[in-house]
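The structure under discussion appears below in the form of structure tokens.
The values are calculated or read from the model by the stated rules, or taken from the named source; none is laboratory data. These figures come from a predicted structure and were not determined experimentally. Note: ideal-geometry Cβ built from the backbone for every residue, glycine included; neighbour counts use all protein chains shown.
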Amino acid sequence: MALLSPFHLAIPVKDLQTSKYFYEKILGCNPGRYSNEWADYSLFGHQLVLHEDKNHEGHKHFNEVDGKSVPIPHFGVVLEWDVFRTFSQKLKDNNIEFQIPPYLRFEGLPGEQQTMFFYDPSENALEFKSFKNIDQLFIS
């Protein structure tokens, strides 16, 4: 797979300090620039910016996919297979409440993948996944 450029995503958070703790200590993101109103993070090499909006109210909406309630919208990163396993165990060890706990989809089929969904403290939905064969990321 060709080298991908990092994405940039800015999201609202209700309380910057609580969110900084979550992204740094729970998810293990490396901090970058910051102010009293926002903070930059490296999310597995991608730029995530948290912008404080004290009026932010998360809205939980779901679409049914494979019999599971998938949060919409959501964002995340496609991880290497072993990195996913280590990261998901770290989240379990930190008592993350999963919307959809880590599980294996399409076992033995094209597109075989591990995936999980959870929320940050501001109810932004995150999905992290991993493909057994990364070349099958965009199969149809």
Quick check: is even one residue across segment 2-24 within 18 Å of Asn94 (Cα to Cα), in a loop (DSSP other than H, G, I, E, B) and either in contact with a helix residue (DSSP H, G or I) (Cβ under 8 Å, 6 or more places away or on another chain) or not assigned by TED's automatic domain parsing to the domain that holds Asn124 (or both)? no
Does Gln47 count as in a strand (DSSP E or B), under 16 Å from the mean Cα position of the chain (by Cα) and over 18 Å from Leu9 (Cα atoms)? no
Taking the conditions exactly as written (more than 21 Å from Phe138 (Cα to Cα) and in contact with a Ser or Thr (Cβ under 6 Å, 6 or more places away or on another chain)), does Lys92 satisfy them or not? no
For a quick check of your reading of the model, give me the residue pairs whose first member lies in segment 46-74 and is more than 25 Å from Ser35 (Cβ to Cβ), whose second is assigned to a loop (DSSP other than H, G, I, E, B), with beta-carbon atoms closer than 7 Å and at least 6 apart or on different chains. Lys60/Glu123; Pro71/Lys60
So, of the residues in segment 74-114 that are in a loop (DSSP other than H, G, I, E, B) and modelled with pLDDT of 95 or more, which turns out to be surrounded by the most Cβ atoms within 10 Å (Cβ to Cβ)? Ile96
